[in-house]
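A.B. asks: One structure coming up, written as structure tokens, with questions to follow.
The values are calculated or read from the model by the stated rules, or taken from the named source; none is laboratory data. It should be emphasised that the depicted structure is a prediction, and the values quoted were computed from it without experimental measurement. Cβ: placed from backbone, ideal geometry, glycine included. Neighbour counts: every protein chain shown. Accessible surface is based on the protein model in full, side chains and every heavy atom, while ligands, DNA and RNA are left aside. Shrake-Rupley method; radii C 1.70, N 1.55, O 1.52, S 1.80 Å.
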Amino acid sequence: NVYDVTEFLDDRFMCDGCPGGSKIILKYAGKDATEEYDPIHPPDAITTNLKPNKHLGPVDPRTIEVAVFNAEAHVNFTPNAKAVARLVMPEKAWAYYSSAADDEITHRENHAAFHRIWFRPRILRDVTKVDWSTTILGHKSSMPVYITATALGKLGHPSGELNLTRAAQKHGIIQMIPTLASCSFDEIVSSAGPGQIQFYQLYVNKDRSVTKRIVQHAEARGIKGLFITVDAPQLGRREKDMRQKFEAEDPSEVSKAGQGNVDRSQGAARAISSFIDPSLNWADLDWFRSVTKMPLVLKGVQCWEDALEAYDRGLAGVVLSNHGGRQLDFARSGIEVLVEVVRKLKQKRGLNFPNSNFQLFVDGGVRRATDVIKAVALGATAVGIGRPFLYAYSAYGPEGIDRALQILHVRIISQLLQSCESSCVGIRREQDEFEMNMRLLGARTINEIVPEMVDASNIHTHVVPVPMDNLYEGNYERLPGARLKEIKSKL
């Protein structure tokens, strides 16, 4: 539809209430503003604030050129979806989703670290039937994968996190709801199917009464696990994002917290995170236990000493993670820390992993079913995947994430069958990555994926060359260098 919003330019209240003010209105004058407008305004914003006579009429759809992408043909789990997302997403949204800390070394290392782990497949095993289901914090999951928390889902698609909720239900996996979701918490929970399991990721507010309200409300709505983010006392320097002005609507929990005077000039991450409490410490865990009965998991543990402390304090588990490389550059990858944690906790406390009483999770850099299987072999209960799913639905809508999960399912089984070639003949394209990979590895169930099936001896050696991942590197957007700004003469 076409609207006359000229009067907004002279209405200081209306213009200031519009994210971006008069500049954004003028920028899209005479142009299609749908992609910029929809993610950051409520559906009734125009009908509520604009007089009926300012509604000039519908646009003739025959005059609009639409780019159509075939998800079936293009999605190769994440690399191709990311490439398409880069082409179709608004610049600010892409900058937020793709950005990482400083020179983005850790962001790239998260993916590269998996390349230093090699398989040792077993042969001559009957892998006709392969089962890659598991349990996470006591709850069933169709595979050892959960959708980890990622903020501002509507930057990539109008339905935002609801895409993830629906996909999680369809494919039988668990969604972790983020504190900084674009959709409201209640909207996401209400969209879940009967019996669908959801976790909650928590950024701890400086105002503990706000945190208490959030936690107890989450528990009352049926959330089954509380993942407390501990690697973000301050958000890292994400230069791609910082070059953008954040003009979107604040996430629901930020609005409820009443954070005023937010600096929107240094990107989305800085604008939405001013409420996070840098004083959070180990002593606060007793307070969390006093306000909730949900299992507590620390998200963002990066060394064995802190994992041991979490175990000794009776927590349900830890996520070995560096926040997707978005916090401290040159922090080690979660998969590398996993090797260290498993070894040290066995030495110090006699623990074997996977362990139902203290579960280890990994996120960051996971792009293939082989990555998931490597983590499980090394002791992880499950891995979290975040941005790849954002790219999938940003590029192709709900069909994108559905296809990504379908392919991931296929590839996991096919590498649990490398034992016998005859069993691999005729594997259909529709089978999951899990099925293919489990068969190729010679494992019939998740319990049969054991440490002896991988060689991680080079995981701590950061200078070992491995074959280049051309597909990943081809889609990686490097940080731009300095360039001269063109100044137009006023003469």
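A.B. asks: Hey, can you find the accessible area per residue of the stretch 321-383 for me, probe 1.4 Å, expressed in square angstrom?
C.D. replies: 30
A.B. asks: Mean projection of the alpha-carbon convex hull of the stretch 274-405 over all orientations, in nm²?
C.D. replies: Taking a quarter of the hull surface, the average projection is 9.8 nm².
A.B. asks: Moving on. So what is the relative contact order for the stretch 132-220, in percent, with contacts set as C-alpha pairs under 8 Å and at least six apart?
C.D. replies: Contact order relative to length: 24 percent.
A.B. asks: Okay, moving on. For a quick check: with amide H placed at 1.01 Å from N, whose amide H comes under 5 Å from I174's, ignoring anything fewer than 5 positions away on the same chain?
C.D. replies: I147
A.B. asks: Also, I was wondering about something else. Please sort by residue number the trypsin sites (Lys or Arg not before Pro) in the stretch 323-410 whose DSSP state is loop and whose Cβ has at most 15 other Cβ atoms within 10 Å.
C.D. replies: Of the trypsin sites (Lys or Arg not before Pro), not one in the loops of the stretch 323-410 has a Cβ with at most 15 other Cβ atoms within 10 Å.
A.B. asks: Would you mind getting me the FRET efficiency between T63 and K346? Use the beta-carbon distance for r and R0 = 56 Å, nearest 0.05.
C.D. replies: 0.25
A.B. asks: Stokes-Einstein at 20 °C, 1.002 mPa s, Kirkwood radius from Cα pairs: D for the stretch 107-204 in µm² s⁻¹?
C.D. replies: This corresponds to a translational diffusion coefficient of 136 µm²/s.
A.B. asks: Same structure, new question: Can you sort K140, K82, K170 by 1.4 Å-probe accessible area, starting with the largest?
C.D. replies: On the way: K140 175, K82 25, K170 140 Å².
Sorted descending by solvent-accessible area, the residues read K140, K170, K82.
A.B. asks: Additional query: Determine the alpha carbon to alpha carbon distance for each of K206/K240; K212/K299; K346/K374; K51/K154; K170/K224; K240/K299 and list only those over 22 Å.
C.D. replies: From K206/K240; K212/K299; K346/K374; K51/K154; K170/K224; K240/K299, over 22 Å: K206/K240; K51/K154; K240/K299.
A.B. asks: Per residue, how much accessible area does the stretch 101-237 show when a 1.4 Å probe rolls over the protein heavy atoms, in square angstrom?
C.D. replies: Details: 5340 Å² over 137 residues.
It amounts to 39 Å² per residue over the stretch 101-237.
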